[in-house]
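*Asks:* Below you'll find the structure I mean.
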Amino acid sequence: MSAQIVPDSQWKAPATLDSKESMKRVQDIIGDFDPDHTMKYYDYWSQHYEKDLEVLDYTVPDEIVDGLLKFVPNEKWRESGFQVLDIGLGTGQMAIALHKKTGYSGPIDGVDGNEKMMEKARVKGMYRDLKLHLLMEDSPMPNESNKYDVVVCCCAMVPGLIQPECLPDMVRVVKPGGYFFFTTRSTDGNQGFKNRVDNQIKKLQDSGHVRELMTKIVPQYSWPTAEDKSEKQCISAILYGMEKLKATE
C-alpha cells in the first residue's frame, strides 16, 4: 500500500515501540536550534540514526537519485573526471543510493557539521574526501567553486541545520552544466522555511545562474499507524532539481 502524506495535525501515532522511539528522535530535532545544540543532538542521534532510518522507511536518497537519472544518463556517471559532492552527508546514505542505482564508483566528496555522523560514513569507504564543516551563511564551504558535476543535499536543509540563505554557496560549487538536487520538509510547520527556500531559488533563477528542472513531493519518514497497521503515514519532503547555467565568479 502506498504511503499517505497527511497534514501535520492529522498524524496518527506509530504502531510499534521502535517506530515510536524513532519518531520521537526525529521530532526532537525539528525546530529552530542553535548550532551547538544541534550538533550535540547529532552526537547522540548518531548512535540510533541508521536504525531510525530503517524503521521509518527512509527512501529520500533513492528519490534524489531517481530524479537525477531523468537528466543525467547512466553513461554520464562513468565518464572520466565526473565528481559528486554530498552536503550534509550524515552517515553516507546518498553514496549508497548512488552506487546502488547508477553503479557510480567515482569520487564523492562530503561536507558535514558532525564528526560522529561523518565517521559512520567514513568507514563505509565510499567517499574520497570528507570535510568537517557546519555550513552557515557567514561560513561558506571550503570547497572549490564550479567543480562538481552533481551536488546533492539530502534532508539537511531544515530549520535546525542548513538555512535557505546558504543556497548560493551550495550552487557555487556546481560546475556550469552540472546539477544540484536537494530537499526540504514539505510539512505544514515548515511552510515559512520553505518560502525562504523558494525565494532563494527565484533569486538564483533571476540572476541566470540556475534553471529549475523539477519539484516533487516525496515521503521523508513513514510509519504504520497504531489505529490501522496496514495504513502508512508520512512526514513529507519536497525534492528540488536544478541545472547550473553559468560559472560563479
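The values are calculated or read from the model by the stated rules, or taken from the named source; none is laboratory data. Note that the coordinates shown come from a computational prediction; the quantities given were computed from them, not determined experimentally. Every residue, glycine among them, receives a Cβ derived from its backbone with ideal geometry; neighbour counts consider all protein chains shown.
*Asks:* Tell me whether the stretch 23-33 contains one or more residues that are surrounded by fewer than 18 Cβ atoms within 10 Å (Cβ to Cβ), farther than 19 Å from Glu115 by Cα, among the acidic types (Asp, Glu) and modelled with pLDDT of 90 or more.
*Replies:* The answer is no; no qualifying residue exists.
*Asks:* So which residues in the stretch 155-191 are within 19 Å of Ile5 (Cα to Cα), free of Cβ contacts under 8 Å to residues at least 60 places away in the same chain and assigned to a helix (DSSP H, G or I)?
*Replies:* Across the stretch 155-191, the qualifying residues are Asn190, Gln191.
*Asks:* Would you be able to tell me the number of residues in the stretch 139-194 that are among the hydrophobic types (A, V, I, L, M, F, W, C) and either surrounded by fewer than 17 Cβ atoms within 10 Å (Cβ to Cβ) or touching a Leu at 6+ places or on another chain (Cβ under 7 Å) (or both)? Talk me through it step by step, then tell me what you get.
*Replies:* We begin by selecting, within the stretch 139-194, every residue among the hydrophobic types (A, V, I, L, M, F, W, C); these are 141, 150-158, 161-162, 166-167, 170-171, 173-174, 180-182, 193.
From the residues that got through so far, the ones that are either surrounded by fewer than 17 Cβ atoms within 10 Å (Cβ to Cβ) or touching a Leu at 6+ places or on another chain (Cβ under 7 Å) (or both) too are 141, 150-151, 162, 166-167, 171, 173, 181.
Summing the residues that are among the hydrophobic types (A, V, I, L, M, F, W, C) and either surrounded by fewer than 17 Cβ atoms within 10 Å (Cβ to Cβ) or touching a Leu at 6+ places or on another chain (Cβ under 7 Å) (or both) in the stretch 139-194 gives 9.
*Asks:* Moving on to the next point. Can you name the condition, by its number, that Asp52 falls short on among (1) surrounded by fewer than 17 Cβ atoms within 10 Å (Cβ to Cβ); (2) at pLDDT 95 or above?
*Replies:* Result: Asp52 passes all but (1).
*Asks:* Same structure again: Tell me yes or no: at least one residue of the stretch 208-216 is in contact with a Lys or Arg (Cβ under 9 Å, 6 or more places away or on another chain) and in contact (Cβ under 8 Å) with a residue 60 or more places away in the chain.
*Replies:* Yes: the stretch 208-216 contains one or more residues that are in contact with a Lys or Arg (Cβ under 9 Å, 6 or more places away or on another chain) and in contact (Cβ under 8 Å) with a residue 60 or more places away in the chain.
This table checks each residue for (1) crowded, with 21+ Cβ neighbours inside 10 Å; (2) on the phi > 0 side of the Ramachandran plot; (3) among the basic types (Lys, Arg).
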position: Asp62; (1), (2), (3): no, no, no
position: Asp66; (1), (2), (3): no, no, no
position: Lys70; (1), (2), (3): no, no, yes
position: Gln83; (1), (2), (3): no, no, no
position: Gly90; (1), (2), (3): yes, yes, no
position: Gln93; (1), (2), (3): yes, no, no
position: His99; (1), (2), (3): no, no, no
position: Gly103; (1), (2), (3): no, yes, no
position: Gly106; (1), (2), (3): no, no, no
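*Asks:* (1) closer than 14 Å to Phe180 by Cβ; (2) outside any strand (DSSP E or B): which one isn't true of Glu212, the others all being true?
*Replies:* Here Glu212 meets the rest and fails (2).
*Asks:* I would also like to ask the following. Across the stretch 66-79, what is the number of residues that are at pLDDT below 95 and either among the small types (Gly, Ala, Ser) or under 19 Å from Gly110 (Cβ atoms) (or both)?
*Replies:* Final tally of qualifying residues: 0.
*Asks:* Looking only at the stretch 195-217, which residues are touching a strand residue (DSSP E or B) at 6+ places or on another chain (Cβ under 6 Å) and under 15 Å from Ile162 (Cβ atoms)?
*Replies:* Let us first name the residues in the stretch 195-217 that are touching a strand residue (DSSP E or B) at 6+ places or on another chain (Cβ under 6 Å), namely 197, 204, 210-217.
Val197 - this is the single residue of the stretch 195-217 that is touching a strand residue (DSSP E or B) at 6+ places or on another chain (Cβ under 6 Å) and under 15 Å from Ile162 (Cβ atoms).
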